[in-house]
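The values are calculated or read from the model by the stated rules, or taken from the named source; none is laboratory data. Keep in mind that what you see is a predicted model, and the values were worked out from it rather than measured. Please note: Cβ atoms are built from the backbone with ideal geometry, for glycine as well, and neighbour counts cover all protein chains shown.
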Amino acid sequence: MALIEVVGAGARATVGRLLEAGALPDDGRAAHRWLVDATGARLDDALVVAWGTATAPRIELGVHGGPAVVAAVLAALGEAGARVVPSAALPLFGAVDPIAASAWRRVRRVRTAGAMRVLGAAWSGALQRSVTAALATGGEPLERLVRDSARVDAWFRPVRAVLVGPPNAGKSSLFNALLGRERATVSPEAGTTRDAVDDRGVWNDRVVHLVDTAGDAPPALLLARADVVVAVGAPPPAVRPGTRVIPVVSRVDVEPPPPDFDGVATSAVTGQGLGTLRDAIAPPIDAPVGPALFTRLDRRLLERVRAGDEPAGRRLRRRAGDGVVRPGWRLSSGEQND
């Protein structure tokens, strides 16, 4: 499916020109309608939803997502008087402060439930009200906001994990098993993986950027950027300080690990150890997190407030607004920085 939004004072009249029959639905209601071009030819059967206010209406068209369908509907809207713009250029419905606006921009990219909860607190105004209260009272409310805000990167920032080891050590089989799909080519012949292969998965409600390397000497840049190095079947290479290293033996369904092995024993065939390895790469986030600031700018301002910087407090208070999400199309002209 594709979602096309038509906004502005002429939205209702413009969309009305594309309807084969029937009126637009009332605000907050949905209706099934056929969309047609200027000649009356049917383009697609769409789900039409009306929102907004009398002076700033917003019409959503849920159409089939094939590129030709979307292009035809956009062309028909253009002929009817609409101007096609990127979604990032649209004013935000109900977002009246920069923090809520930042949440709206991020929602299209997040892949974890924790991140959605953090952004939802900004949409509802709960985060902005927490910021206002923490700035007013200081003490434990401020410290709690600092603690919670420092932890949310675990939901937004991928964990970069790099699999290293000698040829034919089972890295590609392990890579596929961790992702749960056949992404890397697997063969009994040593050296099948000649270039690094990467993909993303989500486990423990965290995004993991997994990289399968070729041979004994992975590129230094991959190791420099890694948060975790998974050393399969051999001692790990030198890594930068702070990088976690997880020793792994694979294929324990064929050959048991050495008696003195201190790591994770896995099998891509039986699934043994895969859950343990996922937990080691991206540990679960145990404690709940309350409303939290999720942009670098806001967190920097919060740390400056904690250090007694009054101008930073005034700036953060302006970014939080009053914590009330109002209907209509309004967007603060204040700072917006992700």
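Taking region 273-330 and the helices (runs of 4 or more DSSP H) fully enclosed by it, the elements with 2 or more residues that are modelled with pLDDT of 95 or more and farther than 30 Å from Val159 by Cα are at 310-320.
Of all residues being assigned to a loop (DSSP other than H, G, I, E, B) and closer than 17 Å to Leu178 by Cβ in region 223-244, which is modelled with the lowest pLDDT? Just the residue, please. Among those residues, the one meeting the criterion is Gly233.
For region 273-299, residues that are surrounded by 17 or more Cβ atoms within 10 Å (Cβ to Cβ) and free of Cβ contacts under 8 Å to residues at least 60 places away in the same chain total 3.
Per the conditions (1) of a type outside the set (Gly, Ala, Ser); (2) assigned to a strand (DSSP E or B); (3) under 17 Å from Val7 (Cα atoms), the sole criterion not satisfied by Leu77 is (2).
Of everything in region 108-147 that is among the charged types (D, E, K, R) and in contact with a Ser or Thr (Cβ under 9 Å, 6 or more places away or on another chain), the residue that is nearest to Pro311 (Cα to Cα) is Arg144. The lone criterion from (1) assigned by TED's automatic domain parsing to the domain that holds Arg147; (2) among the hydrophobic types (A, V, I, L, M, F, W, C); (3) surrounded by fewer than 16 Cβ atoms within 10 Å (Cβ to Cβ) left unmet by Leu302 is number (3).
If Ala214 satisfies every condition in (1) modelled with pLDDT of 95 or more; (2) aliphatic (A, V, I, L, M); (3) not in a strand (DSSP E or B) but one, which is the exception? All conditions pass for Ala214, except number (1). Any residue at all in region 145-165 that's buried (at least 23 other Cβ atoms within 10 Å of the Cβ) and acidic (Asp, Glu)? No: region 145-165 contains no residue that is buried (at least 23 other Cβ atoms within 10 Å of the Cβ) and acidic (Asp, Glu). Out of Ala265, Ala292, Ala287, Ala282, one residue alone is farther than 30 Å from Arg109 by Cα and among the hydrophobic types (A, V, I, L, M, F, W, C). It is Ala265. For region 7-21, a tally of residues being under 34 Å from the mean Cα position of the chain (by Cα) and assigned to a helix (DSSP H, G or I) returns 4. Only residues that are over 11 Å from Trp155 (Cβ atoms) and touching a Lys or Arg at 6+ places or on another chain (Cβ under 8 Å): list them for region 97-128, please. The answer is Asp97, Pro98, Ile99.
Take the residues in region 249-272 that are outside any strand (DSSP E or B) and of a type in the set (Val, Ile, Thr), then tell me which one is farthest from Leu179 (Cα to Cα). Lay out the reasoning, then the answer.
In the first step, residues of region 249-272 are kept if they are outside any strand (DSSP E or B); the result is 250-263, 266-272.
Imposing the further condition that a residue be of a type in the set (Val, Ile, Thr) reduces the set to 252, 254, 266, 269-270.
Values: Val252: 19, Val254: 22, Thr266: 14, Val269: 14, Thr270: 15 Å.
Among them, the one singled out is Val254.
Residue-level check: of (1) part of a helix (DSSP H, G or I); (2) touching a residue at least 40 places away in the same chain (Cβ under 8 Å); (3) among the basic types (Lys, Arg), Arg160 misses just (1). When region 111-154 is filtered for residues that are of a type in the set (Ser, Thr, Tyr) and without any contact (Cβ under 8 Å) to a residue 40 or more places away in the chain, only Thr137 remains. Of all residues in region 86-106, those being at pLDDT below 65 and of a type in the set (Val, Ile, Thr) number 1. Figure legend. Inter-residue proximity from region 34-56: first residues modelled with pLDDT under 90 and among the β-branched types (Val, Ile, Thr), second residues surrounded by fewer than 20 Cβ atoms within 10 Å (Cβ to Cβ) and not in a strand (DSSP E or B), beta-carbon distance below 9 Å, spacing 6+ or different chains. Indicated pairs: Thr53/Pro327; Thr53/Gly328; Thr55/Ala9; Thr55/Gly328.
Going through Ala196, Ala220 one at a time, which residue ends up being touching a strand residue (DSSP E or B) at 6+ places or on another chain (Cβ under 6 Å), at pLDDT below 90 and closer than 30 Å to Arg109 by Cα?
Matching residue, one of Ala196, Ala220: Ala196.
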